[in-house]
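First the structure, in the form of C-alpha coordinates, and then the observations on it.
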Amino acid sequence: MRTHLAVNSHMLGRPWGLPILRRALPFLPVLLMLAQTLCAQQAEAPPAADSPTIQELLQRIADLELKVKKVDQLEARVKQLEGEKQLHTSPQPGASPSSAAAPTPAPAQTAAPAQAAAQTVVQTATPPQKEKEPDQQADHAVPERMDMSNTLLRIRGFGDINLHGDNQRGDTTSFSLGQLNLFVTSDISEKFKFLSEIIFEGGPDNIYGVTTGERNAFGVDVERFLIEYSYNDYFKVAAGRWHTAIGYYNTAYHHSTWFQTTTDRPFLFNFEDRGGILPIHTVGLSASGMIPSGRLGLHYVAEVGNGRASRTPLTEEPVQNVIDEENHKAYNLAIFARPEAVRGLQVGFSFYRDLLAPANTPSVNENILASHAVFVRKSFEWLNEAMVIRHALVGTTRTFNTPGFYSQVSKQFGSLRPYFRYQYVNSSNTEPIFPDVGLRHGPSIGLRYDASEFVALKVQYDYTALRQQAAVNALGLQIGFTF
(Lines give C-alpha, C1' and ligand atoms only; values in the text may rest on other atoms or scores of the structure.)
Protein backbone atom coordinates (compact mmCIF):
# COMPACT_ATOMS: atom_id res chain seq x y z
CA MET A 1 0.00 0.00 0.00
CA ARG A 2 1.43 3.41 -1.00
CA THR A 3 0.00 6.72 0.17
CA HIS A 4 0.30 9.86 -1.93
CA LEU A 5 -0.52 13.37 -0.74
CA ALA A 6 -0.45 15.92 -3.56
CA VAL A 7 -0.92 19.66 -3.31
CA ASN A 8 -2.25 21.29 -6.42
CA SER A 9 -0.29 24.56 -6.90
CA HIS A 10 -3.08 25.93 -9.07
CA MET A 11 -5.27 26.21 -5.98
CA LEU A 12 -3.43 29.43 -5.12
CA GLY A 13 -4.82 31.06 -8.24
CA ARG A 14 -8.41 30.37 -7.22
CA PRO A 15 -10.38 32.68 -4.93
CA TRP A 16 -11.14 29.74 -2.54
CA GLY A 17 -7.71 28.11 -2.76
CA LEU A 18 -5.88 30.25 -0.23
CA PRO A 19 -8.29 29.70 2.72
CA ILE A 20 -8.35 25.88 2.17
CA LEU A 21 -4.59 25.65 1.98
CA ARG A 22 -4.09 27.76 5.05
CA ARG A 23 -6.64 25.71 7.03
CA ALA A 24 -4.91 22.49 5.95
CA LEU A 25 -1.43 23.70 6.83
CA PRO A 26 -1.55 22.75 10.58
CA PHE A 27 -2.55 19.14 9.70
CA LEU A 28 0.17 18.49 7.14
CA PRO A 29 2.77 17.28 9.69
CA VAL A 30 0.22 14.79 11.10
CA LEU A 31 -0.49 13.45 7.62
CA LEU A 32 3.21 13.15 6.99
CA MET A 33 3.75 11.05 10.16
CA LEU A 34 0.81 8.83 9.19
CA ALA A 35 2.27 8.29 5.76
CA GLN A 36 5.65 7.31 7.23
CA THR A 37 3.99 4.80 9.61
CA LEU A 38 2.03 3.14 6.82
CA CYS A 39 5.12 2.89 4.70
CA ALA A 40 7.10 1.23 7.54
CA GLN A 41 4.41 -1.40 8.02
CA GLN A 42 4.63 -2.61 4.44
CA ALA A 43 7.77 -4.77 4.44
CA GLU A 44 7.22 -6.12 0.91
CA ALA A 45 7.78 -2.66 -0.58
CA PRO A 46 11.47 -1.57 -0.84
CA PRO A 47 12.26 1.44 1.37
CA ALA A 48 13.94 3.14 -1.56
CA ALA A 49 10.64 3.17 -3.45
CA ASP A 50 8.94 5.30 -0.81
CA SER A 51 11.86 7.67 -0.36
CA PRO A 52 11.19 9.75 -3.52
CA THR A 53 7.51 10.01 -2.56
CA ILE A 54 8.33 11.29 0.92
CA GLN A 55 10.97 13.67 -0.43
CA GLU A 56 8.49 15.01 -2.98
CA LEU A 57 5.91 15.49 -0.22
CA LEU A 58 8.44 17.35 1.96
CA GLN A 59 9.40 19.58 -0.94
CA ARG A 60 5.77 20.46 -1.66
CA ILE A 61 5.17 21.23 2.01
CA ALA A 62 8.22 23.50 2.01
CA ASP A 63 6.96 25.26 -1.13
CA LEU A 64 3.57 25.68 0.46
CA GLU A 65 5.07 27.17 3.62
CA LEU A 66 7.05 29.62 1.47
CA LYS A 67 3.91 30.72 -0.35
CA VAL A 68 2.03 31.16 2.92
CA LYS A 69 4.94 33.24 4.20
CA LYS A 70 4.62 35.50 1.16
CA VAL A 71 0.91 35.84 1.84
CA ASP A 72 1.71 36.88 5.40
CA GLN A 73 4.04 39.54 4.06
CA LEU A 74 1.30 40.85 1.75
CA GLU A 75 -1.14 41.00 4.65
CA ALA A 76 1.40 42.95 6.69
CA ARG A 77 1.73 45.40 3.80
CA VAL A 78 -2.07 45.77 3.62
CA LYS A 79 -2.18 46.57 7.33
CA GLN A 80 0.56 49.16 6.84
CA LEU A 81 -1.35 50.87 4.01
CA GLU A 82 -4.54 50.88 6.09
CA GLY A 83 -2.61 52.51 8.92
CA GLU A 84 -1.37 55.22 6.56
CA LYS A 85 -4.89 55.77 5.28
CA GLN A 86 -6.14 56.18 8.83
CA LEU A 87 -3.43 58.78 9.50
CA HIS A 88 -4.41 60.73 6.39
CA THR A 89 -8.13 60.70 7.15
CA SER A 90 -7.88 61.52 10.86
CA PRO A 91 -9.20 65.00 11.79
CA GLN A 92 -6.59 67.75 11.52
CA PRO A 93 -6.33 70.93 13.60
CA GLY A 94 -8.87 73.41 12.35
CA ALA A 95 -11.10 70.77 10.72
CA SER A 96 -14.80 71.38 10.64
CA PRO A 97 -16.90 69.85 13.41
CA SER A 98 -18.79 67.73 10.90
CA SER A 99 -15.60 66.05 9.72
CA ALA A 100 -14.41 65.46 13.29
CA ALA A 101 -17.72 63.88 14.26
CA ALA A 102 -17.31 61.12 11.66
CA PRO A 103 -14.16 59.18 12.64
CA THR A 104 -12.53 56.86 10.16
CA PRO A 105 -13.30 53.16 10.79
CA ALA A 106 -10.47 51.08 12.15
CA PRO A 107 -8.60 48.88 9.65
CA ALA A 108 -10.05 45.70 11.22
CA GLN A 109 -13.57 46.99 10.59
CA THR A 110 -12.93 47.79 6.94
CA ALA A 111 -11.02 44.62 6.05
CA ALA A 112 -12.39 42.44 3.29
CA PRO A 113 -14.04 39.12 4.25
CA ALA A 114 -11.28 37.11 2.60
CA GLN A 115 -8.64 38.95 4.60
CA ALA A 116 -10.59 38.38 7.82
CA ALA A 117 -10.76 34.64 7.06
CA ALA A 118 -7.02 34.56 6.41
CA GLN A 119 -6.38 36.28 9.72
CA THR A 120 -8.52 33.61 11.44
CA VAL A 121 -6.38 30.85 9.89
CA VAL A 122 -3.19 32.53 11.06
CA GLN A 123 -4.56 32.82 14.59
CA THR A 124 -5.48 29.10 14.56
CA ALA A 125 -2.09 27.98 13.32
CA THR A 126 -0.02 30.11 15.71
CA PRO A 127 -0.27 30.40 19.48
CA PRO A 128 -1.78 33.59 20.84
CA GLN A 129 0.67 36.33 21.75
CA LYS A 130 0.50 38.85 24.53
CA GLU A 131 -0.93 42.16 23.39
CA LYS A 132 1.61 44.95 23.22
CA GLU A 133 1.43 47.85 25.58
CA PRO A 134 0.19 51.18 24.20
CA ASP A 135 3.63 52.78 24.40
CA GLN A 136 5.17 49.85 22.49
CA GLN A 137 2.53 50.19 19.77
CA ALA A 138 3.30 53.90 19.49
CA ASP A 139 6.99 53.11 18.98
CA HIS A 140 6.09 50.91 15.99
CA ALA A 141 3.47 53.27 14.48
CA VAL A 142 3.58 53.52 10.69
CA PRO A 143 5.03 56.94 9.70
CA GLU A 144 3.29 59.10 7.12
CA ARG A 145 5.13 58.90 3.83
CA MET A 146 5.23 61.04 0.70
CA ASP A 147 4.94 59.42 -2.71
CA MET A 148 7.88 61.11 -4.40
CA SER A 149 6.82 59.80 -7.82
CA ASN A 150 3.92 62.27 -7.82
CA THR A 151 6.14 65.29 -7.18
CA LEU A 152 8.77 64.66 -9.84
CA LEU A 153 9.32 67.56 -12.25
CA ARG A 154 8.04 67.25 -15.79
CA ILE A 155 9.94 69.36 -18.30
CA ARG A 156 8.91 70.11 -21.88
CA GLY A 157 11.09 72.20 -24.16
CA PHE A 158 10.24 74.62 -26.99
CA GLY A 159 12.38 76.74 -29.26
CA ASP A 160 12.56 78.64 -32.53
CA ILE A 161 15.19 79.94 -34.97
CA ASN A 162 14.45 82.84 -37.33
CA LEU A 163 15.62 84.67 -40.44
CA HIS A 164 14.16 88.17 -40.73
CA GLY A 165 14.61 91.19 -42.95
CA ASP A 166 12.77 94.47 -43.67
CA ASN A 167 13.23 97.83 -45.36
CA GLN A 168 13.17 99.92 -42.18
CA ARG A 169 16.14 102.22 -41.78
CA GLY A 170 18.80 100.80 -39.50
CA ASP A 171 17.60 97.19 -39.67
CA THR A 172 19.63 94.37 -41.22
CA THR A 173 18.70 90.94 -42.52
CA SER A 174 19.80 88.52 -39.83
CA PHE A 175 19.52 85.02 -38.50
CA SER A 176 18.44 85.07 -34.87
CA LEU A 177 17.91 82.62 -32.07
CA GLY A 178 14.44 82.92 -30.63
CA GLN A 179 13.26 81.84 -27.22
CA LEU A 180 14.38 78.59 -25.62
CA ASN A 181 11.47 77.73 -23.37
CA LEU A 182 11.60 75.16 -20.56
CA PHE A 183 8.04 74.46 -19.44
CA VAL A 184 8.22 72.92 -15.96
CA THR A 185 5.26 71.41 -14.08
CA SER A 186 4.75 69.25 -11.02
CA ASP A 187 1.74 67.77 -9.21
CA ILE A 188 2.68 68.51 -5.63
CA SER A 189 -0.46 66.77 -4.38
CA GLU A 190 -3.96 66.00 -5.55
CA LYS A 191 -4.98 69.64 -5.01
CA PHE A 192 -1.73 71.60 -5.45
CA LYS A 193 0.11 72.01 -8.74
CA PHE A 194 3.22 73.96 -9.73
CA LEU A 195 3.95 75.57 -13.12
CA SER A 196 6.75 77.69 -14.50
CA GLU A 197 8.22 78.86 -17.79
CA ILE A 198 11.96 79.53 -17.84
CA ILE A 199 13.03 81.45 -20.95
CA PHE A 200 16.52 81.80 -22.40
CA GLU A 201 16.36 84.70 -24.84
CA GLY A 202 18.85 86.73 -26.85
CA GLY A 203 18.83 90.33 -27.99
CA PRO A 204 18.12 93.69 -26.33
CA ASP A 205 14.90 94.62 -24.57
CA ASN A 206 12.48 97.16 -26.00
CA ILE A 207 10.41 98.78 -23.25
CA TYR A 208 7.95 101.40 -24.51
CA GLY A 209 10.24 102.11 -27.48
CA VAL A 210 13.44 102.38 -25.41
CA THR A 211 16.05 99.75 -26.38
CA THR A 212 18.34 98.49 -23.63
CA GLY A 213 20.88 95.71 -23.20
CA GLU A 214 23.45 94.10 -25.45
CA ARG A 215 22.44 93.01 -28.91
CA ASN A 216 23.91 89.52 -28.93
CA ALA A 217 23.83 88.58 -25.25
CA PHE A 218 21.56 85.90 -23.85
CA GLY A 219 19.47 86.44 -20.74
CA VAL A 220 17.23 84.29 -18.55
CA ASP A 221 13.68 85.25 -17.56
CA VAL A 222 11.19 83.40 -15.40
CA GLU A 223 8.08 84.35 -17.37
CA ARG A 224 5.58 82.27 -15.41
CA PHE A 225 6.01 81.03 -11.86
CA LEU A 226 2.95 79.99 -9.88
CA ILE A 227 1.42 77.46 -7.54
CA GLU A 228 -2.26 76.59 -7.93
CA TYR A 229 -4.76 75.10 -5.52
CA SER A 230 -7.77 73.43 -7.13
CA TYR A 231 -10.73 73.00 -4.81
CA ASN A 232 -13.02 71.89 -7.64
CA ASP A 233 -13.97 72.92 -11.18
CA TYR A 234 -15.70 76.01 -9.82
CA PHE A 235 -12.90 77.42 -7.72
CA LYS A 236 -9.14 77.44 -8.32
CA VAL A 237 -6.72 79.90 -6.79
CA ALA A 238 -3.14 80.59 -7.88
CA ALA A 239 -0.31 82.71 -6.51
CA GLY A 240 2.77 83.88 -8.36
CA ARG A 241 3.40 85.32 -11.83
CA TRP A 242 1.14 84.49 -14.77
CA HIS A 243 -0.21 85.83 -18.06
CA THR A 244 -2.93 88.38 -17.38
CA ALA A 245 -6.36 87.27 -18.59
CA ILE A 246 -6.85 90.22 -20.92
CA GLY A 247 -8.67 89.00 -24.01
CA TYR A 248 -8.03 85.58 -25.51
CA TYR A 249 -4.57 85.42 -27.09
CA ASN A 250 -2.57 86.15 -23.94
CA THR A 251 -3.81 83.07 -22.09
CA ALA A 252 -4.18 80.78 -25.12
CA TYR A 253 -0.63 81.21 -26.46
CA HIS A 254 2.29 81.58 -24.09
CA HIS A 255 6.05 81.64 -24.71
CA SER A 256 6.29 79.24 -27.62
CA THR A 257 5.93 80.05 -31.31
CA TRP A 258 5.40 76.36 -32.06
CA PHE A 259 1.88 76.54 -30.63
CA GLN A 260 0.74 79.61 -32.55
CA THR A 261 0.01 79.62 -36.25
CA THR A 262 1.99 82.76 -37.12
CA THR A 263 5.66 83.58 -36.62
CA ASP A 264 4.86 86.29 -34.06
CA ARG A 265 2.14 87.54 -31.73
CA PRO A 266 -0.30 90.29 -32.70
CA PHE A 267 1.19 93.68 -31.91
CA LEU A 268 -1.40 94.28 -29.18
CA PHE A 269 -0.13 91.21 -27.32
CA ASN A 270 3.62 91.70 -27.70
CA PHE A 271 5.53 91.08 -24.48
CA GLU A 272 6.47 94.08 -22.35
CA ASP A 273 10.18 93.74 -23.18
CA ARG A 274 9.42 93.50 -26.91
CA GLY A 275 7.54 96.78 -27.30
CA GLY A 276 4.16 95.59 -26.01
CA ILE A 277 1.65 98.09 -24.64
CA LEU A 278 -0.42 95.75 -22.42
CA PRO A 279 0.36 94.43 -18.91
CA ILE A 280 1.01 90.94 -20.26
CA HIS A 281 2.24 89.60 -16.90
CA THR A 282 0.87 90.03 -13.38
CA VAL A 283 2.36 89.10 -10.00
CA GLY A 284 -0.24 88.44 -7.30
CA LEU A 285 -3.29 86.25 -6.72
CA SER A 286 -5.74 84.79 -9.22
CA ALA A 287 -9.03 82.92 -8.88
CA SER A 288 -10.77 81.09 -11.73
CA GLY A 289 -13.34 78.44 -12.44
CA MET A 290 -16.63 77.55 -14.03
CA ILE A 291 -19.91 79.37 -13.45
CA PRO A 292 -22.94 77.05 -13.14
CA SER A 293 -24.65 77.82 -16.43
CA GLY A 294 -25.55 74.52 -18.06
CA ARG A 295 -24.77 74.23 -21.75
CA LEU A 296 -23.70 77.88 -21.95
CA GLY A 297 -20.32 77.02 -20.40
CA LEU A 298 -19.55 80.23 -18.51
CA HIS A 299 -16.14 80.74 -16.87
CA TYR A 300 -14.67 83.52 -14.74
CA VAL A 301 -11.19 84.85 -13.90
CA ALA A 302 -10.53 87.36 -11.09
CA GLU A 303 -6.99 88.71 -10.61
CA VAL A 304 -5.25 91.17 -8.28
CA GLY A 305 -1.57 92.03 -8.44
CA ASN A 306 1.24 94.54 -8.64
CA GLY A 307 0.43 95.79 -12.13
CA ARG A 308 3.26 97.14 -14.29
CA ALA A 309 5.98 99.66 -13.60
CA SER A 310 5.51 103.19 -14.93
CA ARG A 311 8.35 105.24 -13.46
CA THR A 312 11.36 106.31 -15.46
CA PRO A 313 13.94 105.26 -16.40
CA LEU A 314 12.32 102.78 -18.75
CA THR A 315 15.42 100.61 -18.63
CA GLU A 316 14.02 98.83 -15.58
CA GLU A 317 12.01 95.60 -15.63
CA PRO A 318 8.38 96.52 -16.43
CA VAL A 319 6.95 93.55 -14.49
CA GLN A 320 7.07 94.29 -10.75
CA ASN A 321 8.25 90.92 -9.48
CA VAL A 322 9.46 92.01 -6.04
CA ILE A 323 8.40 95.57 -5.17
CA ASP A 324 5.32 97.48 -6.27
CA GLU A 325 5.84 101.19 -6.84
CA GLU A 326 2.32 101.88 -5.49
CA ASN A 327 0.24 100.58 -2.61
CA HIS A 328 -2.63 100.55 -5.07
CA LYS A 329 -3.07 97.15 -6.71
CA ALA A 330 -4.15 96.36 -10.24
CA TYR A 331 -7.13 94.10 -10.76
CA ASN A 332 -8.70 92.32 -13.70
CA LEU A 333 -12.02 90.54 -14.19
CA ALA A 334 -12.77 88.31 -17.18
CA ILE A 335 -15.87 86.33 -18.13
CA PHE A 336 -16.18 84.09 -21.17
CA ALA A 337 -18.49 81.41 -22.53
CA ARG A 338 -17.83 78.15 -24.37
CA PRO A 339 -21.28 76.99 -25.47
CA GLU A 340 -21.69 73.28 -26.04
CA ALA A 341 -23.97 73.92 -29.02
CA VAL A 342 -21.05 75.34 -31.07
CA ARG A 343 -17.91 73.34 -30.42
CA GLY A 344 -14.78 75.51 -30.65
CA LEU A 345 -16.55 78.85 -30.07
CA GLN A 346 -15.49 81.17 -27.25
CA VAL A 347 -16.77 84.68 -26.62
CA GLY A 348 -15.95 86.92 -23.68
CA PHE A 349 -14.78 90.23 -22.29
CA SER A 350 -12.41 91.53 -19.62
CA PHE A 351 -11.90 94.72 -17.63
CA TYR A 352 -8.51 95.75 -16.24
CA ARG A 353 -7.81 98.70 -13.93
CA ASP A 354 -4.56 100.10 -12.51
CA LEU A 355 -3.02 103.34 -11.24
CA LEU A 356 0.27 104.27 -12.91
CA ALA A 357 2.76 106.75 -11.49
CA PRO A 358 5.18 107.95 -14.20
CA ALA A 359 7.89 110.35 -13.08
CA ASN A 360 7.41 114.11 -13.53
CA THR A 361 3.76 113.78 -14.54
CA PRO A 362 0.48 113.30 -12.66
CA SER A 363 -0.65 109.78 -11.84
CA VAL A 364 -2.53 107.99 -14.61
CA ASN A 365 -5.69 105.93 -14.23
CA GLU A 366 -5.49 103.02 -16.66
CA ASN A 367 -8.62 101.16 -17.78
CA ILE A 368 -8.49 98.41 -20.42
CA LEU A 369 -11.73 97.01 -21.83
CA ALA A 370 -11.28 94.01 -24.13
CA SER A 371 -13.63 91.64 -25.95
CA HIS A 372 -13.09 88.60 -28.14
CA ALA A 373 -14.91 86.10 -30.31
CA VAL A 374 -12.88 83.12 -31.53
CA PHE A 375 -13.70 79.90 -33.32
CA VAL A 376 -10.97 77.27 -33.13
CA ARG A 377 -11.02 73.72 -34.40
CA LYS A 378 -8.25 71.36 -35.42
CA SER A 379 -8.21 72.37 -39.09
CA PHE A 380 -9.70 75.88 -38.89
CA GLU A 381 -9.30 78.98 -36.73
CA TRP A 382 -10.80 82.46 -36.74
CA LEU A 383 -9.58 84.83 -34.04
CA ASN A 384 -11.09 88.27 -33.43
CA GLU A 385 -10.22 90.65 -30.59
CA ALA A 386 -10.80 94.35 -29.95
CA MET A 387 -9.96 96.61 -27.03
CA VAL A 388 -9.65 100.18 -25.83
CA ILE A 389 -6.84 101.35 -23.53
CA ARG A 390 -7.93 104.50 -21.65
CA HIS A 391 -5.43 106.67 -19.77
CA ALA A 392 -6.77 109.55 -17.67
CA LEU A 393 -4.44 112.00 -15.92
CA VAL A 394 -5.42 112.31 -12.25
CA GLY A 395 -6.50 115.83 -11.31
CA THR A 396 -7.12 116.89 -14.92
CA THR A 397 -9.71 116.35 -17.62
CA ARG A 398 -7.24 114.97 -20.15
CA THR A 399 -7.88 111.44 -21.34
CA PHE A 400 -6.23 109.34 -24.05
CA ASN A 401 -8.02 106.45 -25.74
CA THR A 402 -6.03 103.91 -27.74
CA PRO A 403 -8.22 101.53 -29.77
CA GLY A 404 -6.89 98.37 -31.34
CA PHE A 405 -7.99 95.11 -32.90
CA TYR A 406 -6.82 92.18 -34.97
CA SER A 407 -8.49 89.44 -36.99
CA GLN A 408 -6.76 86.21 -38.00
CA VAL A 409 -8.03 83.29 -40.06
CA SER A 410 -6.35 80.06 -41.17
CA LYS A 411 -7.30 76.74 -42.75
CA GLN A 412 -5.32 73.53 -42.68
CA PHE A 413 -4.85 71.34 -45.78
CA GLY A 414 -2.91 68.27 -44.77
CA SER A 415 0.46 69.50 -43.48
CA LEU A 416 -0.04 73.01 -44.90
CA ARG A 417 -1.88 75.85 -43.16
CA PRO A 418 -2.10 79.20 -44.99
CA TYR A 419 -3.16 82.15 -42.83
CA PHE A 420 -4.06 85.82 -43.00
CA ARG A 421 -4.07 88.48 -40.29
CA TYR A 422 -4.97 92.15 -40.17
CA GLN A 423 -4.17 94.33 -37.17
CA TYR A 424 -4.74 97.95 -36.18
CA VAL A 425 -3.57 100.19 -33.31
CA ASN A 426 -4.09 103.95 -33.08
CA SER A 427 -2.37 105.81 -30.24
CA SER A 428 -1.97 109.54 -29.75
CA ASN A 429 1.46 111.07 -30.30
CA THR A 430 1.12 112.69 -26.84
CA GLU A 431 0.11 109.49 -25.06
CA PRO A 432 1.67 109.67 -21.55
CA ILE A 433 2.65 105.98 -21.26
CA PHE A 434 3.64 104.81 -24.78
CA PRO A 435 4.04 107.88 -27.07
CA ASP A 436 6.15 105.87 -29.56
CA VAL A 437 3.31 103.62 -30.76
CA GLY A 438 1.29 106.02 -32.86
CA LEU A 439 -0.82 104.64 -35.70
CA ARG A 440 0.13 101.32 -37.22
CA HIS A 441 -1.96 98.92 -39.24
CA GLY A 442 -1.66 96.43 -42.06
CA PRO A 443 -1.98 92.81 -43.21
CA SER A 444 0.17 89.75 -42.71
CA ILE A 445 0.05 86.67 -44.90
CA GLY A 446 1.90 83.44 -44.35
CA LEU A 447 2.13 79.68 -44.62
CA ARG A 448 2.84 77.11 -41.93
CA TYR A 449 4.15 73.67 -42.85
CA ASP A 450 4.18 70.92 -40.23
CA ALA A 451 7.31 69.02 -41.24
CA SER A 452 6.68 66.53 -38.45
CA GLU A 453 4.54 66.20 -35.37
CA PHE A 454 6.98 68.37 -33.41
CA VAL A 455 8.54 70.68 -36.03
CA ALA A 456 6.84 73.54 -37.93
CA LEU A 457 8.27 75.68 -40.74
CA LYS A 458 6.74 79.13 -41.36
CA VAL A 459 7.13 81.93 -43.86
CA GLN A 460 5.37 85.28 -43.31
CA TYR A 461 5.14 88.63 -45.09
CA ASP A 462 4.10 91.78 -43.18
CA TYR A 463 3.07 95.17 -44.45
CA THR A 464 2.78 97.87 -41.77
CA ALA A 465 1.58 101.41 -42.49
CA LEU A 466 2.75 104.05 -40.00
CA ARG A 467 1.67 107.61 -39.22
CA GLN A 468 3.98 110.20 -40.80
CA GLN A 469 6.51 107.49 -41.65
CA ALA A 470 7.23 105.22 -44.57
CA ALA A 471 5.48 101.86 -44.61
CA VAL A 472 7.51 98.82 -43.58
CA ASN A 473 7.74 95.65 -45.65
CA ALA A 474 9.10 92.62 -43.82
CA LEU A 475 9.70 88.97 -44.63
CA GLY A 476 10.44 86.31 -42.06
CA LEU A 477 11.28 82.59 -41.99
CA GLN A 478 10.98 80.51 -38.84
CA ILE A 479 11.45 76.97 -37.64
CA GLY A 480 9.63 76.22 -34.39
CA PHE A 481 9.90 72.95 -32.52
CA THR A 482 9.17 71.16 -29.29
CA PHE A 483 11.15 68.45 -27.54
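Across bins of 5 angstrom width beginning at 0, how are the C-alpha pair distances of segment 382-471 distributed, in whole percent?
Distribution as computed: 3, 12, 17, 16, 14, 11, 10, 7, 5, 2, 1, 0 percent.
Express the carbon and sulfur contribution to the solvent-accessible surface of segment 234-482 as a percent, rounded to the nearest whole number, probe 1.4 angstrom.
So the carbon and sulfur contribution to the accessible surface is 63 percent.
Considering only 339, 327, 239, whose Cα is most displaced toward the positive end of the charge dipole of segment 234-482, charges sitting on Cβ of Lys, Arg (+1) and Asp, Glu (-1)?
339
What does the highest-first list of 456-466, 66-76 look like by mean Cβ count within 10 Å?
Descending mean neighbour count gives 456-466, 66-76.
Calculate, for segment 234-482, the solvent-accessible area per residue in square angstrom, rolling a 1.4 angstrom probe over the heavy atoms of the protein chains.
Value for segment 234-482: 45 Å² per residue.
Take every Cα-Cα distance within segment 234-482, group them into 5 Å bins from 0 onward, and report for each bin the whole-number percent of pairs it holds.
Taking every Cα pair in segment 234-482, the percentages come to 1, 6, 12, 16, 17, 16, 14, 10, 5, 2, 0, 0.
Which GluC sites (Glu not before Pro) in segment 209-284 sit in a loop by DSSP (not H, G, I, E or B) and have at most 11 other Cβ atoms within 10 Å of their own Cβ?
214
Could you give the Stokes-Einstein D for segment 394-440 in µm² per second, using the C-alpha Kirkwood radius, 10 °C, 1.306 mPa s?
My calculation gives 118 µm²/s for D.
Say the cut-off is 27 Å between C-alpha atoms; which of 193/458; 378/458; 79/193 go over it?
With Cα atoms farther than 27 Å apart: 193/458; 79/193.
What whole number of Å gives the distance from the Cα centroid of segment 438-461 to the Cα centroid of segment 265-295?
Value for the Cα centre distance between the two parts: 23 Å.
Can you tell me the order of 166-175, 396-405, 435-444 when each peptide is scored by its average per-residue count of other Cβ atoms within 10 angstrom, highest first?
Result, highest mean first: 435-444, 396-405, 166-175.
Could you quote the convex hull projected area for segment 320-408, Cα atoms only and averaged over all directions, in nm²?
Directional mean of the projected Cα hull area for segment 320-408 stands at 8.2 nm².
For segment 185-342, what is the relative contact order in percent, using Cα pairs closer than 8 Å and at least 6 residues apart in sequence?
Answer for segment 185-342 is 19 percent.
List the GluC sites (Glu not before Pro) in segment 370-470 that DSSP assigns to loop (not H, G, I, E or B) and whose Cβ has at most 15 other Cβ atoms within 10 Å. Which are they?
Taking segment 370-470 and a limit of 15 other Cβ atoms within 10 Å, the loop GluC sites (Glu not before Pro) found are 453.
The values are calculated or read from the model by the stated rules, or taken from the named source; none is laboratory data. The shown structure was predicted, so the numbers you read here are calculated from the model rather than taken from an experiment. Here the Cβ is made from the backbone with ideal geometry for all residues, glycine too, and neighbour counts use every protein chain on show. Accessible surface is based on the protein model in full, side chains and every heavy atom, while ligands, DNA and RNA are left aside. Shrake-Rupley method; radii C 1.70, N 1.55, O 1.52, S 1.80 Å.
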